[in-house]
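The values are calculated or read from the model by the stated rules, or taken from the named source; none is laboratory data. Bear in mind the structure is a predicted one, so any value in this text is a computation, not a measurement. Here Cβ is always computed from backbone atoms with ideal geometry, including for glycine, and neighbour counts include all displayed protein chains. Ligands, DNA and RNA are stripped out before the accessible areas are found, and what is left, the full protein with its side chains, is counted by its heavy atoms. Shrake-Rupley method; radii C 1.70, N 1.55, O 1.52, S 1.80 Å.
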Amino acid sequence: MNTDKLSNRLATVAKYVPNGARLADIGSDHAYLPCFLAKNEAILFAIAGEVVEGPFKSAVGNVQSEGLSEIVSVRFGNGLEVIEVGEVDCITIAGMGGALIANILENGKEKLQTVRRLILQPNISAASIRKWLIEHQWELIAEEILEEDGKIYEVLVAENGDTFKPYKNTQLELGLLVGPFLLNKKDEAFKKKWHLEMENWKRIYSQLEGAATTEETELKKQELLEKIKMVEEALGDEDSERS
Ligand code: SAM
């Protein structure tokens, strides 16, 4: 991956950045995403935010060597503190855990007033983001799932709107866990992800069966059974037979 060629994961994020966006890419690392978009004249300008010195320096170096300093501003800081209110209309946060992404949004929510679109790519726990979006009146407008280098990634796109709309035909708990758009499409990567997850839950369940019975283990087992049943049903009979 470099500033000319993104991974499929980041290319999927890039695809959802509106043309002419004023972008903030938080946790930008090498700043590949904003540099790629700037080189392709797809954005007006970008802020690349980084909180760790090594990646920050790498971002600064890449932006300078590509001659993009006029378009991409690399800023050192935690989460959304690198942007001023009104500076950007689109935010990307990619390659982190869902809980951390939700945390970054929560801690910087006063910076979101003029933001029209969020493009979020959690490596795990996309459910934490869906919950945050629903609690803060953001409407999920698209989701993608893809497999790259043996890992499965989700991309969530949200805009201000009717927060419950995508969940209208889905049981809310299931929709928050697996994603309403992804559930509708049931791509191969989606099926693979949830079969793997269910195998993991079943393994934990067996371990709990061998452990001393306490109120806590019984509760955990009950929770696992409910999740397994919910996801098995969602995948459909034909799929659950494989697991
Ligand atoms: N966004 C790039 C991508 O998707 O390829 C880089 C992902 S990298 C795994 C995550 C980056 O986020 C790291 O460089 C890390 O330092 C940065 N990061 C983590 N927490 C952050 C925060 N609160 N604010 C800004 N950057 C953060």
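In whole Å, largest first, what are the principal axis extents of the Cα atoms in region 189-235?
Computed over region 189-235, the largest-to-smallest principal extents equal 36, 15, 10 Å.
Would you mind getting the accessible area per residue of region 130-187, heavy atoms of the protein chains only, 1.4 Å probe, in Å²?
Accessible area per residue: 49 Å².
Just add up the charged neighbours of S58: K/R +1, D/E -1, any other residue whose Cβ is under 11 Å from the Cβ of S58.
Summing Lys/Arg as +1 and Asp/Glu as -1 gives -2.
Report the equivalent ellipsoid semi-axes for the chain in whole Å, largest first, defined as the square roots of five times the eigenvalues of the gyration tensor built from alpha carbon atoms.
With the √(5λ) rule applied to the chain, the semi-axes are 36, 18, 18 Å.
From the phi angles alone, apply the Karplus equation (6.51, -1.76, 1.60; θ = phi - 60°) to region 212-221 and give each ³J(HN,Hα) in whole Hz, x where the residue is Gly or Pro.
So the Karplus estimates, Gly and Pro as x, are 4, 7, 10, 4, 5, 5, 5, 5, 4, 4 Hz.
Between Q64 and E87, what's the calculated FRET efficiency when r is the beta-carbon distance and R0 is 25 Å? Round to 0.05.
After rounding, the FRET efficiency stands at 0.70.
If the reach is capped at under 27 angstrom between alpha carbons, list the lysines near K39, excluding any in the same chain fewer than eight residues apart.
Candidates past the 8-residue exclusion: K5, K15, K57, K111.
Find, among the GluC sites (Glu not before Pro) in region 26-100, those assigned to loop by DSSP (not H, G, I, E, B) with at most 13 other beta-carbon atoms within 10 angstrom.
When the GluC sites (Glu not before Pro) of region 26-100 are filtered for loop state and at most 13 Cβ neighbours within 10 Å, E41, E70, E84 remain.
Show M230, M198, M1 ordered by accessible area, largest first, where the area counts protein heavy atoms only and the probe is 1.4 Å.
Order by accessible area, largest first: M1, M230, M198.
Any chance you could get the radius of gyration and Dmax over the Cα atoms of region 1-140, in Å?
For region 1-140, the Cα radius of gyration and maximum Cα-Cα distance read 13.7, 41 Å.
Pick out, in residue order, every one of the chymotrypsin sites (Phe, Trp or Tyr not before Pro) in region 6-102 that is DSSP loop and has at most 14 other C-beta atoms within 10 Å; say none if there are none.
Of the chymotrypsin sites (Phe, Trp or Tyr not before Pro), not one in the loops of region 6-102 has a Cβ with at most 14 other Cβ atoms within 10 Å.
Taking the Cα centre of each part, how many Å lie between region 25-75 and region 79-138?
That distance is 18 Å.
What is the helix-to-structure angle for 53-65, meaning the angle in degrees between its Cα long axis and the longest Cα principal axis of the chain, kept from 0 to 90 and rounded to the nearest 10?
50 degrees
Using R₀ = 51 Å, calculate the FRET efficiency as 1/(1 + (r/R₀)^6) where r is the Cβ-Cβ separation of F76 and E209; round to 0.05.
Calculated transfer efficiency: 0.55.
Please report, in debye to the nearest 20, how large the charge dipole of the chain is about its Cα centre when each Lys and Arg carries +1 at its beta carbon and each Asp and Glu carries -1 there.
280 debye
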